[in-house]
Amino acid sequence: MTLPLSPGLAQAGIALLELLQRHAMTAPNLVAGLPKVGGMPASAALSLAEVLGWLDITDAGLLQASTAGLKVQGAADYEAALRCILLQYVDAQKPDWLQNATYGRSRVLSFCPVGVWQVFVEAGLAGPPTSDVVDFWDLLARIARGLQQDHLLIIGREGERLTLAYEEARTGLKPQWVAIDSNQDGYDVLSVVSAENRAFLSIEVKTSRTGIGGALHLTRHEWEIAVERSAHVFHLWDLAAASPRLASASMDAMAKHIPADTGAGGWEMVEVPFAAFTSLFGSIEL
């Protein structure tokens, strides 16, 4: 049975660790002598500590913080402690809502229990996508995927960050990092056509560390979304050189490489070599 998590329970667990740092005691003495810890029943705080592996027992039967518990105690602040607790919780409990992390944080925040949602909020993980927030959600997604395709996610984020910086320099406006909230929208970044034209421009980002010898993979969903958009481009980032190179491919340029459906079948994904866009690549100063 999954242990319900909430800010109150997390705070009680942190208080328990602090208490044991000051006063050594056994588990029975803890429950009998202190009905509550951090505003919660001592038994609940003890259950959380046991589930997350925070406690070791000495030869004398006394409770002390384990390596996992010391990691929570050593967190820089409350938000950092909650983030540590969340990662330990999903690793230990494998809750059903964790699978949503592969689709972006909005799916997790929509489907996780209210108590867990509150922990995410208090941990500062539901706000602006600062680098540490993005890193946390990427790590959660990697845990959900069982660390599969980890390197592809890291490379993809590099390209998305470059596009964000490039678009802000080009337009003078801060673009929206769509992919951090959901990878189901069919594009990664939402910018504008130009500083003068504020019409939305959606951007799908593809990144390669092997230069023009690499290739991009475009799904049917991504292409169908692109066709529906009033203004859409593809940013292809070549990270093989000392300085990143960008090719901004238009819909017309990409359409030349989109296969046609044949018979009753339909294409689902197409691989397009970066070399097909060689003439478009140029070094970028950010």
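If I model a spin label as a point 7 Å beyond the Cα along the Cα-Cβ vector, how far apart are those points for residue 70 and residue 92 in nm?
1.8 nm
What is the dipole size for the chain, taken about its Cα centre, with +1 at each Lys and Arg Cβ and -1 at each Asp and Glu Cβ, in debye to the nearest 20?
The dipole magnitude comes to about 240 debye.
I need the peptides 9-22, 126-139, 69-82 ranked by packing, meaning the mean over residues of other C-beta atoms within 10 angstrom, with the highest value on top. Before the final figure, lay out each step's value.
On the way: 9-22: 20.1, 126-139: 14.3, 69-82: 15.9.
In decreasing order of mean packing, 9-22, 126-139, 69-82 become 9-22, 69-82, 126-139.
Per residue of the chain, what 222 nm ellipticity follows from adding -39500 (n - 2.57) for every DSSP H run with n ≥ 4, rounded to the nearest 500?
Calculated at 222 nm, the ellipticity per residue is -13000 deg cm²/dmol.
Once phi is turned into ³J(HN,Hα) by the Karplus curve 6.51 cos²θ - 1.76 cosθ + 1.60 with θ = phi - 60°, what whole-Hz value does each residue of region 127-132 show in order, with x for glycine and proline?
So the J values, rounded to whole Hz, are x, x, x, 5, 4, 6.
Given a cut-off of under 8 Å on Cα pairs at least six residues apart, what relative contact order in percent is computed for region 150-283?
Relative contact order comes out at 21 percent.
Counting pairwise Cα distances across region 88-141, what percent come out greater than 14 angstrom?
It works out to 50 percent of all Cα pairs.
According to a simple spin-label model (label point 7 Å from Cα along Cα-to-Cβ), what is the distance in nm between residue 79 and residue 132?
0.6 nm
State the extension gain, in nm to one decimal, for the chain segment bounded by residue 59 and residue 158, taking 0.36 nm per residue of separation less the distance between their alpha-carbons.
30.7 nm
Give the long-range amide H neighbours of residue 25: residues separated by 5 or more places, or on another chain, with amide H under 5 Å away, using H modelled in the peptide plane at 1.01 Å from N.
Under 5 Å from the amide H of residue 25: 63.
Give me the distance between the Cα centres of region 123-184 and region 51-107, rounded to whole Å.
Rounded to whole Å, the Cα centres lie 23 Å apart.
Of the labelled options [x] 46, 43, 36; [y] 77, 53, 30; [z] 74, 46, 33, which one gives Cα extents along the principal axes in Å as computed for this structure?
Only one listed value fits the structure, namely [z].
So if each residue of separation counts as 0.36 nm, and I subtract the Cα-Cα distance between residue 196 and residue 143, what length gain in nm does that give?
Contour length minus the Cα-Cα distance gives 14.8 nm.
Excluding same-chain residues fewer than 8 positions from residue 256, which lysines have a Cα within less than 23 Å of its Cα?
206
For the residue pair residue 23 and residue 258, what label-to-label distance in nm results when each label sits 7 Å from Cα along the Cα-to-beta-carbon direction?
Spacing of the two 7 Å Cα→Cβ label points: 6.9 nm.
Return 178, 51, 114, 108 ranked ascending by Cβ neighbour count within 10 Å, so the fewest neighbours appear first.
Least crowded to most crowded, the residues run 114, 51, 178, 108.
What lysines does residue 94 reach when the alpha-carbon gap must be under 26 Å and sequence neighbours fewer than 8 apart in one chain are set aside?
The qualifying lysines are 71.
Using +1 on the beta carbon of Lys and Arg, -1 on that of Asp and Glu, and nothing else charged, what's the dipole of region 150-283 about the Cα centre, debye to 20?
Here region 150-283 has a charge dipole of around 400 debye.
Return a whole-number percent for the relative contact order of region 18-122, with Cα pairs under 8 Å and 6 or more residues apart as the contact set.
19 percent
With a cut-off of 8 Å between alpha carbons and a minimum separation of six or more residues, what is the relative contact order of the chain in percent? Walk me through the numbers on the way to the answer.
Working: 440 pairs, mean separation 33.4, N = 286.
Result for the chain is 12 percent.
With r defined as the distance between the Cβ atoms of residue 209 and residue 231 and R0 fixed at 35 Å, what FRET efficiency is calculated, to the nearest 0.05?
On the way: r = 29 Å, r/R0 = 0.82.
Once the sixth-power term is evaluated, E becomes 0.75.
Among 278, 102, what is the fewest-to-most ranking by other Cβ atoms within 10 Å?
278, 102
Subtract the Cα-Cα distance of residue 121 and residue 269 from 0.36 nm times their separation in residues, and report this length gain in nm to one decimal.
Numbers: separation 148, 0.36 × 148 = 53.28 nm, distance 3.64 nm.
Extending this stretch completely gives an extra 49.6 nm.
Every number in this text was worked out from the coordinates using simple rules, so none of it is lab data. Keep in mind the model is a prediction, meaning the values are calculated, not measured. FYI the Cβ positions are ideal-geometry reconstructions off the backbone, even for glycines, and counts take in every protein chain you see.
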